[in-house]
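J.: My structure is below; once you've seen it, I'll send some questions.
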Amino acid sequence: MSTPASVGPGVARRPGVWPGAVAAGWIMGSAWQLQQASLLDAPVYMAFVAMASVFAALFAIKNAASMVPPWMRVALLVLAGMLAGHGTVGLRALAFAGQALAPALEGRDLRVQGMVAAMPQRNEGGVRFRFDVESATLQGAAVAVPPRLQLGWYGGGWGAGVVGEAEPAPPALRAGERWQFTVRLKAPHGNSNPHGFDYELWLWEQGIAATGYVRTGPRDPPPQRLEGSTRHPIEQARQAVRDAIGLAVADARLAGVVAALVTGDQNAIDRADWDVYRATGVAHLMSISGLHITLFAWLAAAGIGALWRRSGRLCLALPAPSAGLLGGLLLATGYALFSGWGVPAQRTIWMLLATSLLRLSGVRWPWPAVCLLAMAVVVMLDPWALLQAGFWLSFVAVAVLFAAAPGDGPAPAHRKGKHPAPGWAAAASGAGSRLAALVREQWVVSLALTPLSLLLFGQVSVVGLLANLLAIPWVTLLVTPLALLGVLYAPLWQLAATAMGWLGRVLEALAALPFATVSVAAAPLWAGVAGVLGGVLLAMRLPPALRVLGVPLLLPVLLWQPVRPAPGDFSVLAADIGQGNAVLVQTAGHALLYDSGPRFSRDSDAGHRVLVPLLRAQDVRLDLLLLSHRDSDHTGGAAAVLAMQPRAGLLAALEESHPLWAQRPGSRCAAGMHWRWDGVDFTVLHPQPADYAAATKSNALSCVLRVAGAGRVVLLAGDIEAAQEARLLAAGAPLQADLLLVPHHGSKTSSTPAFVQAVQPRLAVVQAGYRNRFGHPAPEVLARYQAHGSTVLDSAHCGALLWHSADGGVRCQRDAAPRYWHHRMLVNCSDRPGTC
């Protein structure tokens, strides 16, 4: 009798090979499409899908022929999956790209009507929320705008169309409300920095094709709240629960943690708490993670199965294990929906669904095939999840646990013919075994994920193993159940907060240890992949002689060092931090940061968001933080940078009462200061010591720094204006430079013709936010530099800018690794002045 094709010779006998091959191909094809700098035409993607059908047909033919090698059949399925995944993702991307905001509508006053689609996020500056558009008009005429927007409604002048124009505080918005108001929109545009967070990708994945703010100035039509709606009932319920937790828990910080565990609102957690959770490696527990969803599903399945067994009729209709599995999956899906349906929750639900279907169908696949199927399901529904750190951390952790499972290890004593000890001894023995298993699993996962964490985040928690051994059972078995039961009985929320407070004190003590975290430079992808393989090899149950081979694979990611300038040379990195200044100057063995970018809100600034990750990824140890003057767009991230760089000195043009002096004592910036690092000269040209008593504007005190080495000069001018430029010219200061940080972000109050003539920069760098409300850089200023032969590059077009003194070469981050979801401005400032 012939062998069925499904269990043919070779690999065909192994269950799950064919679906695993399709799943692997789909994942690879989707990843291939995500590397594209620009989208192809729709017929091309359709052709990929058609070719996938051809390869699938060839597989069916080849599979029927038993003489064809099994590897060829597997290759056909992989190719079919790759082409299908690539084409399908491309067509989806084209459909979403078609919703983009028309450039002609950017910055225009649009009257929109629609609905608040998610519970708003409030801070001291106002409120941010998602808005589903029903209609939009421009001067009374209907216009097309993206169906989903990310909006801000600011108070106290934030977002006003005229500088200094005050706006009333925003009202208490609620999910499901319908509103009509005037907005100004712009294309999704985020900061672009080496190793930085891709905000534009995050907006793309959330289905948001434009951002903006509500206009509430005296010349704008007043916003109107329209009738309510029954749409978005889950979001309405989430907001009601979040608000109720805030009223029930006395401590606002602990209330934020409880709200995050119940509703998935991670923004409710204080930034200081996030810093502790990251330092101790337990941040994954403080949001609705896969662990929470899985535990909830397991408890729900156990409870439903126990109740189901009480009815013989129900058990005859459906076995209790199957009923428990389905019920647990449904309740876990409900929990994931209520928690905001975040990407980690979605990923977990699709994994549970895939594995549940396999179990209910009676199919037993090896764990690699199960993991590939679950990954493929997630990628089919959300292909851009492949670029998220959480995706890889989740799946690698699961794969490691499978790979390192005991398998056919030694059997328990009672399976060897021995009887377990009676009474408390048996209980103690069982508890000890479970504790040992928990410790081992946590150790295995921590060891295997360390290289991946270093690749993705540039740091790893040394105390993470101990912290997780304490936090995982405490949060998952005590805090989270109390928080969830609080929905039924509100006083339990305070108990959950109290328990979380006890754990928080332990975590703070661990985070305060000097060796709590280890940071390394961000290694290239190949080194990270080798490190992950090395960690998995060390964690697997293999003979020691084989496991030790994982050590050399770890070394590249652990020892990687970025290239430094040669002695006498230096490099300049103008970070993309929006409206503000932040410039990193590096020599062979020293580093200086000129300004620290803006402060966005109480819990968000350029230090935490951009500079700290950037310095960590490049393994930079600052010798000096120089703050040009006190304005918040120059000092906003200083506190975060100083906290991360304990050895950095502080040189600043700040008043004696400024709070930063309490954090890091230092010196005032004054003309005449000079130092030399690795053959590179640093000289302060402004201000004079007497200016601190005489100046009335902070811009007049801007510290001007000249950096000279390798025959090239850089001039960092802060926010000096025409009067300070004239003083420098009159004093005969050495102003000529190859690279100039354009004064005051290109404001028309600076960059006088005489100053530009004296500097004559080959490269003029403007650090200013995209479509900022100040209109920086001014068109006449751009024209002035271009008339003198300068190349003008601004951060909105270029992203982070890297310049080397050795050859004067320039690299823009937005040109380094472009992707189709990145915002592309139509022109460059140097090409058409006034269009930025």
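J.: Failed condition for Leu626, given (1) open to solvent by less than 40 Å² (accessible area, probe 1.4 Å); (2) out of contact with any helix residue (DSSP H, G or I) (no Cβ under 9 Å at 6 or more places or on another chain); (3) farther than 28 Å from Asn772 by Cα, with all others met?
T.: Only one criterion is unmet by Leu626, namely (3).
J.: Of everything in segment 729-750 that's among the small types (Gly, Ala, Ser) and within 24 Å of Ser698 (Cβ to Cβ), which residue is surrounded by the most Cβ atoms within 10 Å (Cβ to Cβ)?
T.: Filtering segment 729-750 for residues that are among the small types (Gly, Ala, Ser) and within 24 Å of Ser698 (Cβ to Cβ), the one surrounded by the most Cβ atoms within 10 Å (Cβ to Cβ) comes out as Gly746.
J.: What are the residues in segment 788-805 that are of a type in the set (A, V, I, L, M, F, W, C), more than 14 Å from Val583 (Cα to Cα) and touching a Gly at 6+ places or on another chain (Cβ under 9 Å), if any?
T.: Val792, Ala796, listed by residue number.
J.: Quick one: Ser571 ticks every box in (1) closer than 30 Å to Ser192 by Cβ; (2) of a type outside the set (D, E, K, R); (3) open to solvent by 60 Å² or more (accessible area, probe 1.4 Å) bar one, so which box is it?
T.: (3)
J.: Hey, another quick one. Residue by residue through segment 352-368, note down the ones that are in contact (Cβ under 8 Å) with a residue 12 or more places away in the chain, of a type outside the set (D, E, K, R), farther than 29 Å from Gln206 by Cα and part of a helix (DSSP H, G or I).
T.: Leu358, Leu360, Trp367, Pro368
J.: For Gln35, which of the numbered conditions (1) touching a helix residue (DSSP H, G or I) at 6+ places or on another chain (Cβ under 9 Å); (2) within 30 Å of Ala369 (Cβ to Cβ) fails to hold?
T.: Answer for Gln35: the failing condition is (1).
J.: For Arg231, all conditions in the list (1) part of a helix (DSSP H, G or I); (2) farther than 23 Å from Arg599 by Cβ; (3) of a type in the set (D, E, K, R) hold save one; what is the number of the exception?
T.: Every listed condition holds for Arg231 apart from (1).
J.: Of the conditions (1) open to solvent by less than 40 Å² (accessible area, probe 1.4 Å); (2) in contact with a Ser or Thr (Cβ under 9 Å, 6 or more places away or on another chain); (3) at pLDDT 90 or above, Arg242 fails just one. Which one is it?
T.: That leaves (1) as the condition not met.
J.: Looking at Phe402, Phe391, can you tell me which residue is open to solvent by 70 Å² or more (accessible area, probe 1.4 Å), in a helix (DSSP H, G or I), in contact with a helix residue (DSSP H, G or I) (Cβ under 6 Å, 6 or more places away or on another chain) and at pLDDT 70 or above?
T.: Details: Phe391 fails: open to solvent by 70 Å² or more (accessible area, probe 1.4 Å).
Step by step, each of Phe402, Phe391 is checked, and only Phe402 is open to solvent by 70 Å² or more (accessible area, probe 1.4 Å), in a helix (DSSP H, G or I), in contact with a helix residue (DSSP H, G or I) (Cβ under 6 Å, 6 or more places away or on another chain) and at pLDDT 70 or above.
J.: Moving on. Filter segment 788-817 down to the residues that are basic (Lys, Arg) and buried (at least 18 other Cβ atoms within 10 Å of the Cβ) and list them by number. Break it down into steps so the answer makes sense when it comes.
T.: Step one: of segment 788-817, the residues basic (Lys, Arg) are 811, 814.
Passing the criteria: only Arg814.
J.: From the list Asp595, Asp605, pick out the single residue that is crowded, with 21+ Cβ neighbours inside 10 Å, of a type outside the set (Gly, Ala, Ser) and without any contact (Cβ under 8 Å) to a residue 40 or more places away in the chain.
T.: Values: Asp595 fails: without any contact (Cβ under 8 Å) to a residue 40 or more places away in the chain.
So the residue among Asp595, Asp605 that is crowded, with 21+ Cβ neighbours inside 10 Å, of a type outside the set (Gly, Ala, Ser) and without any contact (Cβ under 8 Å) to a residue 40 or more places away in the chain is Asp605.
J.: Follow-up. Among the residues of segment 166-185, is there at least one that is in a loop (DSSP other than H, G, I, E, B), closer than 24 Å to His823 by Cα and in contact (Cβ under 8 Å) with a residue 60 or more places away in the chain?
T.: So in segment 166-185, the residues in a loop (DSSP other than H, G, I, E, B) come out as 166-177.
Adding the requirement that they be closer than 24 Å to His823 by Cα leaves none.
Taking every residue of segment 166-185 in turn, none turns out to be in a loop (DSSP other than H, G, I, E, B), closer than 24 Å to His823 by Cα and in contact (Cβ under 8 Å) with a residue 60 or more places away in the chain.
J.: Tell me yes or no: at least one residue of segment 349-366 is over 27 Å from Val49 (Cβ atoms) and open to solvent by less than 50 Å² (accessible area, probe 1.4 Å).
T.: yes
J.: Which condition does Leu537 not pass, out of (1) open to solvent by less than 60 Å² (accessible area, probe 1.4 Å); (2) within 23 Å of the chain's Cα centre (by Cα), if it passes all the others?
T.: (2)
J.: Is it the case that some residue within segment 654-672 is among the acidic types (Asp, Glu), on the phi > 0 side of the Ramachandran plot and modelled with pLDDT under 95?
T.: Step one: of segment 654-672, the residues among the acidic types (Asp, Glu) are 655-656.
Filter once more, so that each one left must be on the phi > 0 side of the Ramachandran plot: none.
No, segment 654-672 has no match at all.
Conditions tested, residue by residue: (1) surrounded by 15 or more Cβ atoms within 10 Å (Cβ to Cβ); (2) touching a residue at least 60 places away in the same chain (Cβ under 8 Å); (3) in a loop (DSSP other than H, G, I, E, B).
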{"residue": "Gln99", "(1), (2), (3)": "yes, yes, yes"}
{"residue": "Ala104", "(1), (2), (3)": "no, no, no"}
{"residue": "Arg111", "(1), (2), (3)": "yes, yes, no"}
{"residue": "Met115", "(1), (2), (3)": "yes, yes, no"}
{"residue": "Ser135", "(1), (2), (3)": "no, no, no"}
{"residue": "Val145", "(1), (2), (3)": "yes, yes, yes"}
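J.: Answer yes or no: is there a residue in segment 213-235 that is open to solvent by less than 40 Å² (accessible area, probe 1.4 Å), under 24 Å from the mean Cα position of the chain (by Cα) and at pLDDT below 90.
T.: The answer is yes, given that some residue of segment 213-235 is open to solvent by less than 40 Å² (accessible area, probe 1.4 Å), under 24 Å from the mean Cα position of the chain (by Cα) and at pLDDT below 90.
J.: Quick one: what pairs do we get from segment 266-279, first residue of a type in the set (Lys, Arg), second open to solvent by 30 Å² or more (accessible area, probe 1.4 Å) and at pLDDT 90 or above, C-beta under 8 Å, 6+ apart or different chains?
T.: Cβ pairs passing all conditions: Arg271/His608.
J.: Within segment 685-728, take every residue that is more than 19 Å from Ala758 (Cα to Cα) and of a type outside the set (Gly, Ala, Ser) and give me the one that is most open to solvent (accessible area, probe 1.4 Å).
T.: Thr696
J.: Six or more apart or on different chains, Cβ atoms under 6 Å: show the pairs whose first residue is in segment 516-540 and more than 14 Å from Leu553 (Cβ to Cβ) and whose second is among the polar types (S, T, N, Q).
T.: Hits for this filter: Thr517/Gln459; Thr517/Ser461; Ser519/Gln459; Ala521/Gln561.
J.: Quick one: how many residues across segment 574-588 are touching a residue at least 40 places away in the same chain (Cβ under 8 Å), under 20 Å from Leu650 (Cβ atoms) and touching a Phe, Trp or Tyr at 6+ places or on another chain (Cβ under 9 Å)?
T.: Step one: of segment 574-588, the residues touching a residue at least 40 places away in the same chain (Cβ under 8 Å) are 574-583, 585, 587-588.
Of the ones still in play, those that are also under 20 Å from Leu650 (Cβ atoms) are 575, 577, 580-583, 585, 587.
From what's left, touching a Phe, Trp or Tyr at 6+ places or on another chain (Cβ under 9 Å): 581-583, 585, 587.
Of the residues in that region, 5 qualify.
J.: Please determine whether any residue of segment 60-76 is modelled with pLDDT of 95 or more and closer than 22 Å to Ala369 by Cα.
T.: Taking segment 60-76 as the starting set, the residues that turn out to be modelled with pLDDT of 95 or more are none.
No: segment 60-76 contains no residue that is modelled with pLDDT of 95 or more and closer than 22 Å to Ala369 by Cα.
J.: Filter segment 752-783 for residues that are over 23 Å from Cys812 (Cβ atoms) and open to solvent by less than 10 Å² (accessible area, probe 1.4 Å) and give the result. Write out each step before concluding.
T.: So the first thing to find is which residues in segment 752-783 are over 23 Å from Cys812 (Cβ atoms), and the list is 752-755, 757-758, 773, 780.
If the condition is that a residue be over 23 Å from Cys812 (Cβ atoms) and open to solvent by less than 10 Å² (accessible area, probe 1.4 Å), then Phe755 is the only one that fits.
J.: Test Gln121 against the criterion of being closer than 30 Å to Leu173 by Cα and over 24 Å from the mean Cα position of the chain (by Cα), and give yes or no.
T.: No, not satisfied.
J.: So, one more: Which of the residues spanning segment 157-191 are small (Gly, Ala, Ser), under 17 Å from Phe600 (Cα atoms) and at pLDDT 90 or above?
T.: Answer for segment 157-191, where residues must be small (Gly, Ala, Ser), under 17 Å from Phe600 (Cα atoms) and at pLDDT 90 or above: just Gly190.
The values are calculated or read from the model by the stated rules, or taken from the named source; none is laboratory data. Remember, it's a predicted structure, so these values are computed and weren't measured experimentally. Virtual Cβ from ideal backbone geometry, glycine too; neighbours counted across all protein chains shown. Just the protein is used for accessible areas: all its heavy atoms, side chains included, with ligands, DNA and RNA removed. Shrake-Rupley method; radii C 1.70, N 1.55, O 1.52, S 1.80 Å.
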